Every structure is written in C-alpha cells, then in structure tokens.
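Inspection log for the structure reproduced underneath, given as structure tokens.
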Amino acid sequence: METIFTTNISYSSYLSEAGLPLQPLPEWTHTPDTLVRYYRNMVLARQLDNKIIALQRTGQIGTYASQLGAEAIDIVLGDLMESSDVLIPYYRNHALQMLRGLPMADMLSYWGGDERGNASAGMGEDFPNAVPIATQALHATGVATAFKIRGEKRAAVTVCGDGGTSKGDFMEALNVAGAWQLPVVFIINNNQWAISVPRSLQCGAPTLAQKAVAAGIRGEQVDGNDVIALHESVNEALQHAREGKGPTLIEAISYRLSDHTTADDATRYRSNEELKAAWEREPIKRLQTFLHAKGWWDEVQETAWQNEVGQIIQQGLTEYLQRPPQAASDLIDHLYAKLPDALKEQRERLLRNARQGGNHHE
Amino acid sequence: MSNPLTIVESVNLALRSEMQKDSSVVVLGEDVGVNGGVFRATVGLREEFGIKRVLDTPLAETMIAGLSVGMAAQGLKPVAEIQFMGFIFPAMEHLIAHAARLRHRTRGRLHCPMVLRVPFGGGIHAPEHHSESTEVLFAHTPGLRVVIPSSPARAYGLLLAAIRNPDPVIFMEPKRIYRLNAQPVEDNGKALPLDTCYTLREGSDITLVSWGAMIKETLEAADKLAEKAISCEVIDLVTLNPIDHKTILASVAKTGHCVIIHEAPKSCAVGAEISATIAERGLLNLQAPVSRVTGYDTVMPYYQMENHYMPNTADIIEAVTGTLEFS
Ligand SMILES: Cc1ncc(C[n+]2csc(CCOP(=O)(O)OP(=O)(O)O)c2C)c(N)n1
Ligand SMILES: [Mg+2]
C-alpha cells in the first residue's frame, strides 16, 4: 500500500489573547495606520450592534442577528476587498456591508423590515443578505464564473456560518469552485454555534477548513479574533483569486458572544462559563492592548472616538427613523420588469385597501 | 404540562404521547433537542426519550428529508421538523421524487411513514423568508398528505393521526396562532381522521372555507356578519390533500354561496381547487360565483408590508356581502 495523498491544515495567529505578539509581525503592522483603522472600525461596529439590540427591544427594529464577537472578520474583509470585488454575504455581515458602502440608515431599514434596505445604491453589485442558509455560496460561484468568463481580475467573496457548511449548497459550491478554479473566497465565520447546535454536532472532521481539501482548493484556519492573522490570510486569498490562481476557503475561528438573534435565548443551551471564557478571546480588547503598548492609542483618543461613534450612530438612526413608509404598491411593483396585465386588478385592490386605512388588521 | 393547552403545547403533547406508546417514533431536526425547538414544540422530549429518539441534526434540510425517507423505509416513524416553511425547499426533491412515490414505485414493498412538521404563515413580524404559505406545492403532489390544524385539540388528534399514518404527511403548523386561545386537551391517544373537514359553525346563508391561522379572521367575520343577520357556515378544511369535497359541496348545496379564504397567493392555490370542484359538481346549487379572499400574487413581503399582504376580517366581510348581493 502506498500513500497517494496527504494534507495539512494550517492555523495562524499573531496576537495572543493578551495582545502580545506570538511570532514576528508582518511589515504592514510596523506603522499604526491600518491597525488603528481596524480598531476604530471594530469599536463602531460594536457600539452600533449594541444600539440595534436596544432598538429591537423597544420595537424600532425587527428580529436582529447580532455581530458581537465577529467584528474582526468583517472589518478586515471590508478593508481588503476592492470596490470591484463582489460580496455575497449572509445575514451577519452588517459591518462588512457598511464598509462596502451600504449607508447605516439603509442597513437599519432592512432590519426594520423594509426591503428598500436591499435596494441601496451603496451596495453596488453586492448581493442582499442570504437568509436561506448557505445558498449564497453557490451564488458566489456564479459571480466568480462571470468574472472568469470575462477574464476580469475580480474576486467574489462569500461568508457563511459553521452550521452553513453542513448544507449541500456549501459543498457543491466548493466543488465547482475547485473544478473550475474560480476566483472566489469562501469565509466561514465559525462562531461555534448554529443557534443551539454546537460545532461538534455539525460535522465529524476536526476542522471545517479541510472541506476544501476534498474540493481541491486551498483551505486554512485562522484566529478570527486576530485582525493581523485575518489580514494576512484574506489578503493572500484575494490576490490568488484576482490573479486567476484559484479559490480559497478560510475558516475563521470566532465565538458568537450574543444570542443567535434577538428572538433567541442562549442560556437555554450553553454555559455561562463557556461564554465568559470566550469573552477573554474577543477581538477588540486584544487589539486595544496591543495598540496601547505600542503607544498608538490612548485613553484620550478612546474617549474622543467613543463620542464620535455615538454621533455617527445617532445620525444614521435619525435618518432611518425619518424614512417615509413604502407605498402599498411596492408590494407588487417590483416583482417583474413589467407588471403583467393579470396583476393589475390585484394592484388596484391593494391601493384601494391602502387608501381605506391600509391594514384593517387588528 | 398543565391544561388548557395552546396549539404548540398540543403538538408537544401529541409527540410525547405517541413516543411513549410507539418506540419507532423518532423526532429529528435543527435545534429540536437541547433547545426544544425554536418554537418550543419539542421541549422536554430529549430529556424524556434520550438522544437516540430525539436527534439534533446538522443544518441541512435536504439531509433531513432524505434521511427521513431512509429511516421510514426501515420501519421507523421519523417526525422531522423544518424550522420554517421558507426553508423547506431543499427538502423538495426527497419529498416529491421519493417520499411521495416510494410505496407506488415498489408496489408497497417499501413505504414511507414519515411526518414533516413545519411552522408556516405570516403575521408575526418575522425576518425575510420566515412567513410563507406554500401549502399548495405539497397539496399538488400525489402521494403526500397535507394537514393543517387550527385549534389545540385538533392539533393533538391530527398529529397522532399523521404519525400513525403509513404514508408521508406534511403537517403544517400555523405559527401566528401557535399560542392563541388555549383550550382543554385530553391526552386520550385518540387520532382524528385525515380526510374530513370540520364544520366549526353552522349557518344557512353562505359557506366560508378556510384553514390554518385564517380561521381566526374567518370566525371573526362570521361573528360580525351574524350581527347583521347573515348566517355563515364556517368550514375548516384541515386536510388539503386529500380534500373532503363532500362536506363542502353539501354545505354549498344548503347555502348557495361560498367564499374561500387563505393566506397564500391566489393563483393556482388550494382555493382554486375547491372553487373548481364546486363548479364541476355543484354549479346548479350556486346562487353567485364562488369568491376568494387571499394573499396577493406576490412575494410574501418583509414585515413592514405584511399587513398590506395579509387578508383580514374586513376583506372577508366585504367578499361575503358582495357574494350575497350578487344578482
Ligand atoms: C436553509 C435554512 N435552514 C434553517 C434556517 C434557520 N436558521 C437561521 S440561522 C440558523 C443557524 C445558522 O448557524 P451558522 O451557519 O453557524 O451561522 P451563525 O448564525 O451562527 O452565524 C438556522 C438554523 C435558515 N435560515 N435557512
Ligand atoms: Mg455559527
């Protein structure tokens, strides 16, 4: 018997939980700019997330999927993706979408139950949130196929959760990406939970990154709480894709510090100890410690930024709350390029009902 | 669990009751075990029956459906939960190409006694893709049975029947009324028939046919119309495949008028089947065309527009009045 194939899955991390370097750091971290930007963006993402949860509690936003603990993944992706790349996101990529150009008020509109949030011009060619799990992975391969057919140096980037990797869609997407060597980057936000189902029950393999191996594509694990590790890995994957060197799967190890959504209560199924331990590893504190030690960030800057963030959020919120409601006809007008005659009678009824007070629904 | 029970509690009671009596019943799905289901329908089952009878599955609806087909062919009775109707589509291949056909293809050598439970319908301000009513896709599939309870007691008896039925059953749970109107439910192990509708209210002027959560608005409309001396007969369809046309036709023969109410879009929906059958077999009893109060032929909207989409009590009253005034 001979061994015909072996493989290794790498795990990379640069900053320890305590914010100390674990190995020599890359060139770009020798100056403050990028790291400070990452830090500021993560602080903004977290404050906004807190605010949205508060809005949900008072009925000003619908069921919301918090990003708490996943900030680093979004912030790094948002920084490194070019505007010519295309994002095919899942429902937990708010900060990434905003860095791509989605105005805060449009993002809030979406979570406030208004599809106009998906219409935002700020989204460019990006897809709206995929709610049916892992479907986005296949759309990303289609976008990447279009790039490849046209010979464009662009990357399709898609994100899913650890649970999402169990769906056929995900495996089928990896497979076609490998078969056709498509310019696509798959990111797994492995936050250890799919609602109440722990990562260990999703699949028998020790890593999710190794699913790439069977598809014939690059696969690796990174510390998803470490912006430096993420930066290195994502940057390389994007270059590969744009240069026609094929797809990459990146499994970013994070932790869902929040409930699954505002409709969930995680205390039913996971221990407080586990949650507490996860808070020790979260991404913001460790970068802050590192920046402090370098002398690149201090209390004065922190206070100033916190205040500014408060204002940015207030502005987005005001804009969101002042949106006029949708026209009743929006329910039907965007279904086809041209409304079929058969639907015109229903449209009339819709408008008539709306005039009579819209919903007489008690 | 203390009586009175809600619909979701009755679902839980039926599962528990049948699992106690029949060791071949296995509950499976996403979040059904430790978490007890996102709507709490399976709460406590894992504690009582253990991890071999209550399976937290990986996140994959194609797998849940296909796996259930295999389990059922082996003589188990899988009762699988699909978390929301909007996520049932990956399961379709196995339901339509296999579950519905296994008995027929093998001339009965193998069969498929599985139940797929799935919460459906709008009106709860849920995220996108969490509010659809796509019952017709299943009702249109020969070989499947489709059942929709609208009260706690019927939820209990119908779920028992669904589990005991030797063929695949899609058991759709109207989540808008999951926790409304609790009523006493006796854990008597009695299954209800899977091929009859229920006349919830007798009347002489007009027949109202509905199912699921819209039964609530239909009964409200009947109450309000009674104040105007209009007597409505209200029929809860309950089984969408097969349909108990006999009861509906007998009612229409009596009243001469019919309005069908459903939340799903209008075109090619189950209401059309009922209306067509009345036209085929009861035309001469009709004093006015059959009318339908339905959702619009559009995508179930995200929640800001939900109330524009949902049929309501006033719509039903208007349709009834229009039908009775037809000349
Ligand atoms: C096809 C499909 N099935 C079920 C659901 C319901 N659901 C929403 S999120 C979720 C868990 C997802 O977990 P994971 O993929 O790990 O992503 P996370 O939410 O943890 O980021 C489930 C089961 C869905 N949205 N789509
Ligand atoms: Mg997860």
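The values are calculated or read from the model by the stated rules, or taken from the named source; none is laboratory data. These figures come from a predicted structure and were not determined experimentally. Cβ sites come from the backbone with ideal geometry, for glycine too, and all protein chains shown count toward neighbours.
A few comments on the model shown:
- Within segment B:242-254, if we keep just the residues that are part of a helix (DSSP H, G or I) and either at pLDDT below 95 or charged (D, E, K, R) (or both), the residue that is nearest to residue B:202 (Cα to Cα) turns out to be B:254.
- Within segment A:209-217, one or more residues are in contact with a Gly (Cβ under 8 Å, 6 or more places away or on another chain), away from every other protein chain (no Cβ under 14 Å) and within 16 Å of ligand 1 (Cβ to nearest atom).
- For segment A:137-161, the set of residues classified as within 14 Å of chain B (Cβ to nearest Cβ), closer than 18 Å to residue A:217 by Cα and either charged (D, E, K, R) or surrounded by 24 or more Cβ atoms within 10 Å (Cβ to Cβ) (or both) consists of A:137, A:160, listed by residue number.
- The single condition among (1) more than 14 Å from chain B (Cβ to nearest Cβ); (2) under 27 Å from residue A:57 (Cβ atoms); (3) more than 16 Å from ligand 1 (Cβ to nearest atom) that residue A:287 does not satisfy is (2).
- Sole residue being within 30 Å of residue A:152 (Cα to Cα) and either in contact with a strand residue (DSSP E or B) (Cβ under 6 Å, 6 or more places away or on another chain) or away from chain B (no Cβ under 14 Å) (or both), chosen from A:278, A:293, A:252, A:304: A:252
- Of all the criteria given as (1) over 20 Å from residue B:145 (Cα atoms); (2) touching a residue at least 60 places away in the same chain (Cβ under 8 Å); (3) part of a strand (DSSP E or B), the one not satisfied by residue B:200 is (2).
- Close Cβ contacts (under 7 Å, 6 or more residues apart or on different chains) running from residues in segment B:28-43 that are over 14 Å from residue B:116 (Cβ atoms) to residues that are of a type in the set (Phe, Trp, Tyr) comprise B:34/A:269; B:35/A:269; B:39/B:178.
- Annotation: residue A:118 fulfils all but one of (1) in contact with a Pro (Cβ under 8 Å, 6 or more places away or on another chain); (2) crowded, with 18+ Cβ neighbours inside 10 Å; the unmet one is (2).
- Residue A:121 meets all of the listed conditions (1) away from ligand 2 (no atom under 16 Å from the Cβ); (2) within 16 Å of the chain's Cα centre (by Cα) but one, namely (2).
- Filter result (within 12 Å of chain A (Cβ to nearest Cβ), buried (at least 19 other Cβ atoms within 10 Å of the Cβ) and over 20 Å from residue B:99 (Cβ atoms)) within segment B:47-57: B:56
- The combined condition, being modelled with pLDDT of 95 or more, away from ligand 1 (no atom under 16 Å from the Cβ), surrounded by fewer than 19 Cβ atoms within 10 Å (Cβ to Cβ) and more than 14 Å from chain A (Cβ to nearest Cβ), is not fulfilled by residue B:44.
- The residue that is farthest from the other protein chains (Cβ to nearest Cβ), among those in segment A:109-136 that are in a helix (DSSP H, G or I) and in contact with a Lys or Arg (Cβ under 9 Å, 6 or more places away or on another chain), is A:122.
- Segment B:255-300, residues that are hydrophobic (A, V, I, L, M, F, W, C) and part of a loop (DSSP other than H, G, I, E, B): B:268, B:269, B:286, B:288, B:290, B:299, B:300
- Within segment B:135-159, the set of residues being part of a loop (DSSP other than H, G, I, E, B) and either touching a strand residue (DSSP E or B) at 6+ places or on another chain (Cβ under 7 Å) or over 24 Å from residue B:299 (Cβ atoms) (or both) comprises B:142, B:143, B:144, B:148, B:149, B:150, B:151.
- Residue check, residue A:97 in contact (Cβ under 8 Å) with a residue 24 or more places away in the chain, within 16 Å of ligand 2 (Cβ to nearest atom), away from every other protein chain (no Cβ under 14 Å) and not aliphatic (A, V, I, L, M): no
- Qualifying residue in segment B:6-19 (condition: touching a Leu at 6+ places or on another chain (Cβ under 6 Å) and within 15 Å of ligand 1 (Cβ to nearest atom)): no
- Matching option when the condition is more than 14 Å from ligand 1 (Cβ to nearest atom), within 14 Å of chain A (Cβ to nearest Cβ) and outside any loop (DSSP other than H, G, I, E, B), among B:94, B:104: B:94
- Conditions (1) buried (at least 17 other Cβ atoms within 10 Å of the Cβ); (2) touching a residue at least 24 places away in the same chain (Cβ under 8 Å); (3) in contact with a helix residue (DSSP H, G or I) (Cβ under 9 Å, 6 or more places away or on another chain); number of the one not met by residue B:306: (3)
- All positions within segment A:124-136 that are of a type in the set (Asp, Glu) and either within 16 Å of ligand 2 (Cβ to nearest atom) or surrounded by fewer than 19 Cβ atoms within 10 Å (Cβ to Cβ) (or both): A:125
- Hey, residue A:163 of a type in the set (Gly, Ala, Ser), within 21 Å of residue B:127 (Cα to Cα) and over 17 Å from the mean Cα position of the chain (by Cα) or not: no
- For segment A:249-264, the criterion of a residue being more than 16 Å from ligand 1 (Cβ to nearest atom) and either crowded, with 23+ Cβ neighbours inside 10 Å or not hydrophobic (A, V, I, L, M, F, W, C) (or both) is satisfied by no position.
- When segment A:255-275 is filtered for residues that are hydroxyl-bearing (Ser, Thr, Tyr), within 14 Å of another protein chain (Cβ to nearest Cβ) and either touching a residue at least 60 places away in the same chain (Cβ under 8 Å) or closer than 30 Å to residue A:184 by Cβ (or both), the ones remaining, listed by number, are A:261, A:262, A:269.
- Whenever a residue of segment A:158-171 is touching a residue at least 60 places away in the same chain (Cβ under 8 Å) and in a helix (DSSP H, G or I), its partners that are of a type in the set (Val, Ile, Thr) and within 15 Å of ligand 2 (Cβ to nearest atom), lying with C-beta atoms within less than 6 angstrom and at least six residues away or across chains, give the pairs A:164/A:133.
- Only one entry in A:144, A:105 is in a helix (DSSP H, G or I), under 21 Å from residue A:248 (Cβ atoms) and away from ligand 1 (no atom under 16 Å from the Cβ), namely A:144.
- Exactly one residue out of A:252, A:266, A:277 is hydrophobic (A, V, I, L, M, F, W, C) and away from ligand 2 (no atom under 15 Å from the Cβ): that is A:277.
- For segment A:190-205, the criterion of a residue being more than 14 Å from every other protein chain (Cβ to nearest Cβ) and of a type outside the set (A, V, I, L, M, F, W, C) is satisfied by no position.
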